[in-house]
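Written below as structure tokens is the structure these notes are about.
Read-outs: derived from the displayed coordinates by stated rules, not from any lab. Note that the structure is predicted; figures quoted are calculated from it, not measured. Note that each Cβ is placed from the backbone with ideal geometry, even for glycine, and that neighbours are counted across all protein chains shown.
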Amino acid sequence: MGFLGGVFGSNRRQFGEQALAMVRENEVVARAEFDAGEFEIHYWTHSGEIGRINLNTVFKRTRRASPEEADRMLATFVAIGPQREGEEPDGWAAAAPRLRPLIRQAGLLGQRIEGLRVGDHTLWRPVLPCLMESVVVDWPTSMQTVTPHNLTEWGVDADTVFATARANLAGLALDTVAGYDPAVKGGMLYLPDTSGDSYAGALPLVDGWLAGIGAKAGARPIVFVAQNVGVLVGAEFSEQHVLRLVNTARQLFDDAVREVSPVPYTVDEDGELIPYRVPRGHQAWQEIRSAEATLISHVYGAQYEGLRADLEAGLTEDFAAKVMHFRKQDGTESTAAAWTDTVPTLLPRVHNVSLTHVETGDTFFVPWEILAGVVDLEPVDGIYPARYRVENHPDEATMAALRAQEGIA
């Protein structure tokens, strides 16, 4: 009896661990991990390919198979390399129609796998604060992450890959706009895409999609990519409606197996995707500020782990400041990071910065905008989301001017 004959009716973790063992036996695989939450195998090959194999489909199919047949089905499903007949890329012409974009948190870009930075072996670009756009090749049983190496193989540039991936969602974008009715469900549209097959979470990247929703709504559109699958969209019908949208998205984010962002987004006059902002007196201001602070702490928190590991490994001499996420007495959520005098520090872009005298321990806070107005803060190359290298505090006159404007935003 094969292994699977003993786990049917058992838990998904055992199924995933068996799949992981099969993947690791493949000689082309350098490393593989099982993500129980996503029910996926993540793998890295010796040639630099990065991919994911979602196990939901094969798990369902093998329920009706004999133990021997189930073993064979799983082995075929998780096979990686030339033996995956019909699924291995055969040049640009084969890969192009299968390209799909993704919106993801950017905090893991600086972490290392087998000593190599994820960001150096993933094709990506910033798309929104703390978020990145990447591209995958959508094979029937797996997603292959596009890498810079693929560009050389295909003979195309990065802009072509990103543009092609977005264009491949044009049909879904048109259908979604055509089917959107602002009179239904209060103008709120949620596409859950629980299987991840449609890549609905990347619809905000498609030119004209969000603007089309806004045109049909007759109001400024608002979109959320709360989870790694699905998308929530509505419009600025009223402050109450905006608050309802924000609260709905926050619940999706909090319940997500893999969260992306609870922050609302819209488009500017040129159709570019931007964060949706409201004035402090708006009914949804507190909730939007909470979403922003949460995203900052999540993404910079993940980034911090990679930077700290580099410091401990002697790969850098800069101390990465940790993000503090807190709630003020008035209920406003905020973020802060510490700059201690004489300590080489990589500051994250947060709401507030504390300045501490290394000898006396004297500390005060200033909002980021105040600090940036008097200190020349330059982002460090190769780090995203941005961090700014600082070391010695400004001169006494500048410090006095900063202290005169101390406070917590």
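Counting only DSSP H runs of at least 4 residues, each contributing -39500 (n - 2.57), and dividing by the residue count of the chain, the helix-based mean residue ellipticity at 222 nm comes to -9500 deg cm²/dmol. Under a Gaussian network description of the chain, with springs only between Cα atoms under 10 Å, the residue in 103, 222, 113 that fluctuates furthest is 113.
Between residue 317 and residue 114, residue separation times 0.36 nm minus the direct Cα-Cα distance comes to 71.0 nm. Principal axis analysis of the Cα atoms in region 280-333 yields extents of 48, 18, 12 Å, listed in decreasing size.
Once the Cβ-Cβ distance between residue 36 and residue 286 is put in as r, and R0 is 35 Å, what FRET efficiency do you end up with, to the nearest 0.05? According to the calculation, E is roughly 0.50.
A straight line joining the Cα centroids of region 325-402 and region 98-143 runs 29 Å. Please name which of 118, 374, 302 has its Cα lying farthest along the dipole of the chain towards the positive end, using unit charges on Cβ (Lys, Arg +1; Asp, Glu -1) and the Cα centre as origin. Toward the positive end, the furthest listed residue is 302. Once the C-beta distance of residue 326 and residue 60 is scaled by a Förster radius of 56 Å, the resulting FRET efficiency is 0.80 to the nearest 0.05. Between residue 392 and residue 254, the distance separating the two model label sites (each 7 Å from Cα on the Cα→Cβ line) works out to 4.8 nm.
From most to least packed by mean Cβ count within 10 Å, the peptides 227-233, 197-203 give 227-233, 197-203.
Placing a label point 7 Å from the Cα of residue 216 along the Cα-to-Cβ direction, the residues of region 231-256 whose backbone N falls under 14 Å from that point are 232-235.
By how many nm would the segment from residue 194 to residue 153 grow when fully extended, if each residue of separation counts as 0.36 nm and the alpha-carbon distance is taken off?
Contour length minus the Cα-Cα distance gives 11.5 nm.
Kindly state, to the nearest 0.05, the FRET efficiency for residue 372 paired with residue 25, given R0 = 56 Å and r defined as their beta-carbon distance. After rounding, the FRET efficiency stands at 0.60.
Partners of residue 185 within straight-line reach, counting lysines whose Cα lies under 16 Å from its Cα and excluding those fewer than 8 residues away in the same chain: 216. Highest mobility in the GNM of the chain, judged by mean-square fluctuation with C-alpha springs under 10 Å and restricted to 187, 331, 301, is found for 331.
Taking a sphere under 12 Å around the Cβ of residue 374 and counting the other residues whose Cβ falls inside, with K and R at +1 and D and E at -1, yields a net charge of -2. Among 338, 21, 79, which one shows the highest mean-square fluctuation when the chain is modelled as a Gaussian network with alpha-carbon springs under 10 Å? Highest fluctuation among the options: 21.
Work out which helices of the chain, taken as complete DSSP H runs, extend at least 20 Å along their axis over the Cα atoms and score a mean Kyte-Doolittle of -0.5 or more, then list them. Counting only whole DSSP H runs, the qualifying helices are 285-312.
Computed extension gain for residue 167 through residue 13, at 0.36 nm per residue and net of the alpha carbon distance, reaches 51.8 nm. Checking every one of the GluC sites (Glu not before Pro) in region 290-351 against DSSP loop status and a limit of 16 other Cβ atoms within 10 Å picks out 317.
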